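Q: A single structure is presented below for examination.
What follows draws every value from the coordinates through simple rules; no lab data is involved. This structure is a prediction, so every number in the text was calculated from the model and none was measured. So basically every Cβ, Gly included, is an ideal-geometry build from the backbone, and we count neighbours across all protein chains shown.
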Amino acid sequence: MAKGFYTDTTVCIGCKACQVACHQWNNIPAEESGKRNLTGDSYDNTGRLSALNWRHVKFIEQFPDDRQQDGFLKGSRWLMMSDVCKHCVQAPCLEVCPTGAIIRTEFDSVFIQQDVCNGCRACVSACPFGVVDTGPDGKAHKCTLCYDRLQHGQEPACAQACPTDSIRFGDVDELMAYADQRVANLRAQGIDAYVYGKEDILGGLNSFYVLVDKPNVYGLPENPQMASANVDEGFALSTVAAAAVAVTGIAAFRKHRMDQIAASETEAGAERAKPTDAGSNTG
Amino acid sequence: MPNAPHWGWYIILYFFIGGLAAGLYFIGTLANLGGDPRDRPVTRFCYLAAFPLVLACGFLLTVDLGKPLRFWHMLIQSERIPLPMLKYWAPMSLGSWVLAIFAIFSGVAFIGALVDSGRLTNDRALRLVAWGRARSRALKLAWWLVGCFCALFFGGYTGVLLVGTNVPLWHNAQLLGAVFLLSAASTAYALLILVLKRRGGRESIVSLRKLEAADRWIIVLELLAIVIMLVTLGRFARPLVTGGFGVLFWIGVIGVGLLFPLLLPHLRLAALTRRPALGATCVLAGGLLLRFVVIMAPQWPNIALWKL
């Protein structure tokens, strides 16, 4: 049975308990030994998911340019979302990993085997969500869905720590049914909510979200693709170029060879003709 | 949007040197099979240069890894030794295998060229070369064809490797493999022209004419491929064609690296005729710059421009 996360962004309060729990359980050190500069434009001082941040709470502040419009802060919105690896059903990172370091576990999660990864970074460039990153140790890192905890019947640390149940862990099918119900409730209240991560996105995301704005507002791609989506076409066009390289090369070498053969034949013909002419003259 | 993979100068140089090695091996084989006896120095130089360049490629790829000592994980399943590790749908996996196989082909050609040039007189090597040359014509032709296939694949797969990512500029540039392959051929021709012009001598004039004719055609095709690629890329081309990288791309790659060498024979400037290898030098510099801007543009500013 596939396990995963259902993240309801409408009840996230941005407390970052998930980030702290993730760091603590997985023993992830702070970036730059904790000497971080504040971004200065938000409560978000993590910035992005990285090798040292497997959970990242995004703060999306939506205010009109004139904050007094329609009364103080009326029509304003503050969206918060705890981002994490999506554990895609069709995972681009797993697809491209040339060493076999990235595997699918018995919980249907996507896991990087640290003893196999050689730090080629193919997975980093393949993940459309900007999840995978290389750490100071040269290897690729991302959320493991707390594989070690799952093997002992525990839920991931972030889900356990979440005080509002914005992050829920469980069987993906059950979570999805719950999310659909939640979306229906929100829509009944006039909130334009939807589930991001159904089958139309990379075969389904085992870690999916309830969102209330367009995906790109949350920094999520509208239509993420498999990294290899255009590879066949790329190879086909390269084959055409290879044919062009071969034809031009052969033409250049053959043409001169033919010219040379023609020239030598003309030369030989002229030489054969010479004594005959002389003979006829003498005759 | 993916995080920057931090592919820096090791990868830029690998792409450039790999292209040169592929192009040289292919041209060397073409001159060997289709050329006349006066092309033998071309073949010899190609084979003498290609193999060391392939070795340099292996070195660059290895030192670029986060864990260089695990380079063999690309070819062997580290948990099931000695089962091979191959994902034929993943360009990086396929490329690792082709690099390894191409090293064998270029290595054999290298030994043959060493023996021909009298640099290698070891009995075992002489026997090996004699054994190889005593094979049937069909077998030798098959060997050269497979070698050329590996060379052409190796010259173009680097571009397809970038297509096989989710970085928008790379992912949507389906022609990148074709552009890199054409660039591999043009830079290899340029290197040969440069070497032959430096050597001088009447013997090389015939070969030079052939190489220059082929290089002109390839440059025209490369320009055409780049234009089509930019048109099909549309807004995704922005990191490449605007800003500082745009200046390098338009002036360095297109202007100096492709248009100038193409127009050079028609420019009647005294200062230019004193530098006979100027066009070839520009093609080589343009080829390196092409790889620099294509690799760096979508990663910047998340990567330092001097990042190895």
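Q: Please identify the DSSP H helices in chain B that span no less than 18 Å along the helix axis (Cα) and have a mean Kyte-Doolittle hydropathy of 1.0 or more.
A: B:9-34, B:40-64, B:91-116, B:137-163, B:176-199, B:203-233, B:278-296
Q: Give the Kirkwood hydrodynamic radius (Å, one decimal) of the protein assembly as shown, defined as one over the mean of 1/r across all pairs of different Cα atoms.
A: Taking the inverse mean of 1/r over all distinct Cα pairs, the protein assembly as shown comes out at 27.1 Å.
Q: Charges only on Cβ, +1 for Lys and Arg, -1 for Asp and Glu: so what's the dipole of segment B:94-185 about the Cα centre, in debye to the nearest 20?
A: Once rounded to the nearest 20, the dipole reads 420 debye.
Q: Let me ask something additional. Which one, A:34, A:63, A:210, is farthest towards the positive end of the dipole of segment A:3-225 when Lys and Arg carry +1 and Asp and Glu -1 on their Cβ?
A: Of the options given, the answer is A:34.
Q: Put +1 on the Cβ of each Lys and Arg and -1 on the Cβ of each Asp and Glu in the protein assembly as shown; which of A:176, B:204, B:146 then has its Cα farthest toward the positive end of the dipole?
A: Positive-end residue among those listed: B:204.
Q: Can you tell me the relative contact order of segment B:188-308? Whole percent, Cα pairs under 8 Å, sequence separation 6 or more.
A: Computed value for segment B:188-308: 32 percent relative contact order.
Q: Here is a follow-up. Roughly what angle does helix A:172-188 make with the longest principal axis of chain A, taking Cα atoms, 0 to 90 degrees, to the nearest 10?
A: Helix A:172-188 sits roughly 70 degrees off the main axis of chain A.
Q: Can you tell me the length gained on complete extension of the stretch residue A:113 to residue A:38, counting 0.36 nm per residue apart and subtracting the Cα distance?
A: 23.7 nm
Q: Same structure again: Hey, could you pull the Cα Rg and Dmax for segment B:153-273, both in Å?
A: 16.4, 51
Q: Turning to a different aspect of this structure: If you count, for each residue, the other Cβ atoms within 10 Å and average over each peptide, how do B:184-190, B:5-11 line up from highest to lowest?
A: Highest-to-lowest ranking by the protection proxy: B:184-190, B:5-11.
Q: Roughly how many nanometres apart are two label points built 7 Å out from the Cα toward the Cβ at residue B:203 and residue A:90?
A: 5.8
Q: Could I ask something else about it? Among all the aspartates and glutamates, which ones have a C-alpha under 12 Å from residue A:16's C-alpha, if same-chain residues fewer than 8 places away are not counted?
A: A:44, A:83
Q: Work out which GluC sites (Glu not before Pro) in chain A are exposed loop sites (DSSP not H, G, I, E or B, at most 12 other Cβ within 10 Å) and give the longest gap free of them.
A: Formally, the longest exposed-site-free interval is A:1-105.
Q: Run the dipole for the protein assembly as shown about the Cα centre, Lys and Arg Cβ at +1, Asp and Glu Cβ at -1, nothing else charged, and hand back the magnitude in debye, nearest 20.
A: Its charge dipole is roughly 2560 debye.
Q: Taking every residue in A:98-107, how many Cβ atoms of other protein chains lie within 10 Å of its Cβ, on average?
A: Rounded to a whole number, the mean comes out at 5.
Q: For residue A:192, what charge total do you get from the other residues with a beta carbon under 13 Å from its beta carbon, if Lys and Arg give +1 and Asp and Glu give -1?
A: Computed value for this residue: +2.
Q: Measuring from centroid to centroid over Cα atoms, what is the spacing of segment A:104-127 and segment A:147-179 in Å?
A: 21
Q: Of the options B:126, B:293, B:34, report the single residue whose Cα projects farthest towards the positive end of the charge dipole of segment B:9-296 (beta-carbon charges: Lys, Arg +1; Asp, Glu -1).
A: Value computed over the given set: B:126.
Q: Using the per-residue mean of other Cβ atoms lying within 10 Å as a proxy for protection, in what order, highest first, do the peptides B:157-169, B:42-54, B:212-224 fall?
A: Per-residue mean Cβ counts within 10 Å order the peptides as B:157-169, B:42-54, B:212-224.
Q: By average Cβ neighbour count within 10 Å, what is the ranking of B:27-33, B:101-107 from highest down?
A: Per-residue Cβ counts within 10 Å, averaged per peptide and sorted highest first, yield B:27-33, B:101-107.
Q: While we're looking at this one, here's another question. Per-residue Cβ counts within 10 Å, from other chains only, averaged over B:220-226: what number is that?
A: Averaged over the peptide's residues, the number is 2.
Q: Work out the mean other chain Cβ neighbour count within 10 Å for the residues of B:153-162 and drop it here as an integer.
A: 4
Q: Follow-up. Bin width 10 Å, origin at 0, all Cα-Cα pairs of chain A: what percent of pairs per bin?
A: Cα pair-distance distribution for chain A, in percent: 6, 22, 27, 15, 8, 5, 4, 4, 4, 3, 2, 1, 0.
Q: To continue, here is another question. For a test of the definition: using alpha carbon positions, the gyration tensor, and the 1.5 limit on a/c, classify chain B as rounded, prolate or oblate.
A: Since a/c reaches 1.5 but b/c is at least a/b, the shape of chain B is classed as oblate.
Q: If you don't mind, another one. Distance between Cα centroids, segment B:35-69 to segment B:142-216: provide it in whole Å.
A: Computed from Cα coordinates, the inter-centre distance equals 13 Å.
Q: When the dipole is taken about the Cα centre of chain B, and only Lys, Arg (+1) and Asp, Glu (-1) are charged at their Cβ, what size is it in debye, to the nearest 20?
A: About 580 debye.
Q: Going by alpha carbons, how many degrees (0 to 90, nearest 10) lie between the helix axis of A:17-26 and the longest principal axis of chain A?
A: In chain A, helix A:17-26 runs at an angle near 60 degrees to the longest axis.
Q: Assuming 0.692 mPa s and 37 °C, estimate D for segment A:1-134 with Stokes-Einstein, Rh taken as the Kirkwood radius over Cα pairs, in µm²/s.
A: Approximately 192 µm²/s, per Stokes-Einstein.
Q: Can you give the relative contact order of chain B as a percent, counting alpha carbon pairs under 8 Å and 6+ residues apart?
A: Over chain B, the number comes to 25 percent.
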